[in-house]
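The values are calculated or read from the model by the stated rules, or taken from the named source; none is laboratory data. All of these numbers come straight from a predicted model, not from anything done at the bench. For neighbour counting, all protein chains shown are included, and Cβ atoms are generated from backbone atoms with ideal geometry for every residue, glycine included. Heavy atoms of the whole protein, side chains included, go into the accessibility calculation; ligands, DNA and RNA do not. Shrake-Rupley method; radii C 1.70, N 1.55, O 1.52, S 1.80 Å.
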Amino acid sequence: MPRKAGLVLALSSVVALLLVCSVPAYAQSTITADNGVSAIPGSIKPTTDVDMGEFSSPQMAVYVVLAPRNESELSDLLANVYNPKSDSYRHWLGKGEFYSRFAPSDAQTAAIADYLRASGLVVEQSSSPFLVRASGPSSTAAAAFRTTLRTYRNQRGIDYFSNASAVHLPTSLASGVLGVVGLSNTVRLQSHVVLPLKHTSPPVPSCEAPYPTTAQLFAAVNSGTPFPFGYGGGPGCNGLTPSQDNSIYGAPNLGSRGKGAGVNLAVFELSAYTQSDITTWAHTFYGPAYTPPLVNINVDGGPLSTSCPAGDECFPGYSGDIEVDADIEMQLAIAPDARHILVYNAPNDNTGQTELDEYARIAKDDTADVVSSSWGICENDAGAAYVQAENVIFEQMALQGQSMFASAGDDGAFDCIGDGTGTIVNVEDPGAQPWVTSVGGTSFESFNPDANPNPKYPAGVETVWNVDNLCNSGAPSAANDYLGGFFWCAATGAGGGGNSQFWGRPIYQFGPGITNPYTTYGNGTTQCSLAAVGKPCREVPDVSANADEYTPYAEYCTGTDPTSTCGSFSGSQIPPGWFGVGGTSLSSPFWSAIIADHDGLWHGRIGNANPLLYLLYNLDSHGYFNDITGIGQTTNNNGLFPTTPRYDLATGIGTPKMGALITLVPQK
């Protein structure tokens, strides 16, 4: 792959001693019982929710997650392909090669399958050699894994089931098993789109309505009182246009070469959408001759399928169409000349099995160069088995040279709020994964470019996204309209960020500010539990971009299906179908498209973006990123973690200087 020799030389001096052990170890240590079975580490999630009694279902499906074969070789290879001094640097694995080198042996898979059959379960076809699917009555599944299944009720009155004791397997099998997915139904992924509260359009033609005040937000919540609001040059003052997106963050003027030419972008989706919406959006900004290069790829029957893993619950329909349209339109705003936008789509379920199928398909196809997911769940709800199953897939993608981006979440430091399961300090999966780039949120606050098609970056204005600093853990008071800070984390949002519950700090994550007063260390349970005790934990976000619904992007989305989110409100917008939208659902595809622009210019994949991004950060942070410092700003935290000079847990290493990141020439 072509690359600047000078850059590689500079980077190699930094990484020579660092990329020695860049892969997190799998949690394979087991606790052997006297009866010849062993507990799978991390297979139980302690809870204080109310136990409602035994869970029983006539059928349920599970995935047994198998560990990779040749793990030391896998670790070494991941280190080498991202080490500029290695002969293997950016020598990506070919399609299918990951399976041939690292998939569990036929004997190991057969042994697991035989045990499941002998336990009374039916073994079914799975989406990956690392997953063994089985189904049967819940009582049979519980007996096979020597656990009990209970129904719980959380603080919001929502019932769910989960295993109440650790999963056990025969000791001869347990060492090759990472966990069992499907014994809990708390893994329903959420989208991360945020809309402004009730407002009116500003006077035409000016779109320069001021940023909303706390008094306006309080009135909108309490009495439905609208406030005047408009932002950017989109139709009806409904958000930033593609020209404004690119101009603010300094996109280079390189023609098609700098707009994703030849690159396959992909989005991970869990909802049906109306494809003609994308055409309308694109024709508005690029003219009637432009044809969006969409390719729809359905997994497990697609988002309208009524089939679902046994005992699971799926949600077919258009309920997430606002997310799908936002993801695609954002990628097209930054990389309009991409070869294809691959829209991978599966039913959204409650156990995470359809999501694993979709990620496995993206990796198996190995067609997408750059992937973005705006769907996620807090780590505490995901559980150790699910995140480890994902990690194997993301390692595969990293070795194949595929770049994976994900939203950091929209509830500040309290990501489980978005799942409806609590207010603990927690971060978003899959963004917290070691081989995923987590993208947080910022705001342009007082800067409104109106209809100016080529606005400059507002230096010193961009802040962390936390509307009027309302998201926090504060008790009800006059400062939050006696609703409490957590209410506003959900109502108006804030950029996600914090320390991983599961993953240790990857070796690429180094530099000023990475170790800080808020850094946590592995304790074997609640802090990077899959890492060695004492190891620093993975920190997110890695990078950020504008995500404030009050400094929004222009989206077009309609819908006639009764399940459509867009159809429930967009027809009454002015003009119909157009509205401004925010959330880290926008910043993730934004960043994915920047890397697509880079790949297009350099004619090849960079793979996982984090090793390059952190190296650029250490070489010349101000040349490649806008540092969100919090200095002189009243919005200076994401509800818990403050913005500081250099890296912080609210905005990561900063927002993009697109020209520098695409050309590898730093900008001042």
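Can you give the Rg/Rh ratio of the range 121-162, where Rg is from the C-alpha atoms and Rh is the Kirkwood radius?
Rounded to two decimals, Rg over Rh is 1.12.
With every protein chain kept in the model, how would you rank 241, 560 by accessible area, 1.4 Å probe, largest at the top?
Numbers: 241 20, 560 145 Å².
Solvent-accessible surface, decreasing: 560, 241.
May I ask you to evaluate 6.51 cos²θ - 1.76 cosθ + 1.60, the Karplus curve with θ = phi - 60°, for each residue of the range 84-89 and list the ³J(HN,Hα) values in order in whole Hz, giving x for glycine and proline?
Each residue's phi maps through the Karplus curve to give x, 8, 8, 5, 8, 4 Hz.
So, by mean Cβ neighbours within 10 angstrom, what's the order for 466-475, 64-73 with the highest one leading?
The densest-packed peptide leads the list: 466-475, 64-73.
For the range 372-396 and the range 307-369, what is the centre-to-centre distance using only Cα atoms, to the nearest Å?
The range 372-396 and the range 307-369 have Cα centres spaced 14 Å from each other.
Under 27 Å between alpha carbons, and skipping anything fewer than 8 positions from residue 535 in its own chain: which lysines qualify?
Residue 535 reaches 45, 85.
Take the alpha carbon gyration tensor of the range 331-469, find the square roots of its eigenvalues, order them as a ≥ b ≥ c, and report rounded if a/c is under 1.5; if not, report prolate when a/b exceeds b/c, else oblate.
Verdict is oblate for the range 331-469.
Probe of 1.4 angstrom, ligands and nucleic acids ignored: what's the accessible area per residue over the chain, in square angstrom?
33 Å²
Report, to the nearest 10°, how far helix 214-223 tilts away from the longest principal axis of the Cα atoms in the chain, using its own Cα long axis and a range of 0 to 90°.
That helix lies at roughly 70 degrees to the long axis.
Taking the C-alpha atoms of the range 82-179, how large are the radius of gyration and the largest Cα-Cα span, Dmax, in Å?
In Å, with Rg to one decimal and Dmax whole: 18.7, 56.
Along the Cα→Cβ direction, 7 angstrom out, place labels at residue 424 and residue 253. What is the inter-label distance in nm?
Reported label-point gap for residue 424 and residue 253 is 5.3 nm.
Could you work out the mean projected area of the convex hull around the alpha carbons of the range 497-605, in square nanometres to one decimal? Spell out each step's value before the answer.
Details: hull surface 45.4 nm².
Mean projected area for the range 497-605: 11.4 nm², to one decimal.
Hey, could you get me the Stokes-Einstein D for the range 132-184, Kirkwood radius over alpha-carbon pairs, 25 °C and 0.890 mPa s, rounded to whole µm² s⁻¹?
200 µm²/s
In whole Å, largest first, what are the principal axis extents of the Cα atoms in the range 186-268?
51, 46, 19
Hey, got the dipole for the range 387-513? About the Cα centre, +1 on K and R Cβ, -1 on D and E Cβ, debye to the nearest 20?
About 320 debye.
What are the extents of the Cα atoms of the chain along their three principal axes, listed from largest to smallest and rounded to whole Å?
Sorted from largest, the Cα extents of the chain read 75, 60, 50 Å.
Compute, for the chain, the length of the dipole vector about the Cα centre, with Cβ point charges of +1 (Lys, Arg) and -1 (Asp, Glu) only. Units Debye, rounded to 20. Could you put the intermediate results ahead of the total?
Numbers: 29 positive and 59 negative charges, 268 e Å.
The dipole magnitude comes to about 1280 debye.
If you plug each phi of the range 174-184 into the Karplus form 6.51 cos²θ - 1.76 cosθ + 1.60 with θ = phi - 60°, what whole-Hz ³J(HN,Hα) values come out, in order, with x for Gly and Pro?
Listing the rounded values in order: 4, 5, x, 10, 8, x, 10, 9, x, 7, 9 Hz.
In the range 152-187, whose amide N lies under 16 Å from the spot 7 Å out along Cα-to-Cβ of residue 111? List them in ranges.
169-179
Just the number, please: carbon plus sulfur as a percent of the accessible area of the chain, 1.4 Å probe, no ligands or DNA/RNA counted.
So the carbon and sulfur contribution to the accessible surface is 55 percent.
Debye calculation, C-alpha points only, no solvent: report log10 I(q)/I(0) for the range 612-653 at q = 0.23, 0.31 Å⁻¹, in the same order as the q values.
-0.72, -1.03
Would you please classify the overall shape of the range 383-424 from the alpha carbon gyration tensor, given that a ≥ b ≥ c denote the square roots of the eigenvalues, rounded means a/c under 1.5, and beyond that prolate means a/b larger than b/c while oblate covers the rest?
Here the range 383-424 falls in the oblate category.
Which distance in Å, rounded to a whole number, links the C-alpha centroids of the range 486-546 and the range 563-638?
The range 486-546 and the range 563-638 have Cα centres spaced 19 Å from each other.
Once label points are set 7 Å from the Cα along Cα→Cβ at both residue 172 and residue 475, what is their separation, rounded to one decimal in nm?
Distance between the two pseudo-spin positions: 6.0 nm.
P(r) for the range 269-409, please, calculated from all Cα pair distances in 5 Å bins and given in %.
Final binned percentages: 2, 9, 18, 22, 21, 15, 8, 4, 1, 0.
Would you please classify the overall shape of the range 43-113 from the alpha carbon gyration tensor, given that a ≥ b ≥ c denote the square roots of the eigenvalues, rounded means a/c under 1.5, and beyond that prolate means a/b larger than b/c while oblate covers the rest? Working shown, then result.
Numbers: a/c = 3.73, a/b = 2.06, b/c = 1.81.
In terms of gyration-tensor shape, prolate.
Take peptides 537-546, 359-368 and line them up by average Cβ neighbours within 10 Å, highest first, as a rough protection proxy.
537-546, 359-368
Across 10 Å bins from the origin, how do the percents of Cα pairs in the range 216-333 run, short distances first?
In order of increasing distance, the bins hold 11, 30, 29, 20, 9, 0 percent.
Quick one: if you take sqrt(5λ) for each eigenvalue of the C-alpha gyration tensor of the range 562-614, what semi-axes come out, biggest first, whole angstrom?
Semi-axes, largest first: 35, 12, 10 Å.
For residue 456, list the lysines whose Cα falls under 27 Å from its own Cα; do not include residues on the same chain fewer than 8 positions away.
259, 657, 668
Sort the following peptides by mean Cβ neighbour count (other Cβ atoms within 10 Å, averaged over residues), highest first: 496-508, 149-161, 521-533.
So the order, starting with the most tightly packed, is 496-508, 521-533, 149-161.
Evaluate the Debye formula for the range 522-668 with equal point scatterers sitting on the alpha carbons, no solvent, and hand back log10 of I(q)/I(0) at q = 0.12, 0.16, 0.18 Å⁻¹, in q order, two decimals.
Normalising to I(0) and taking log10 leaves -0.69, -1.01, -1.10.
Can you give the helix-only mean residue ellipticity at 222 nm for the chain, where every DSSP H stretch with n ≥ 4 adds -39500 (n - 2.57) and the sum goes over all residues, rounded to the nearest 500 deg cm²/dmol?
Only helices count here, giving -8000 deg cm²/dmol.
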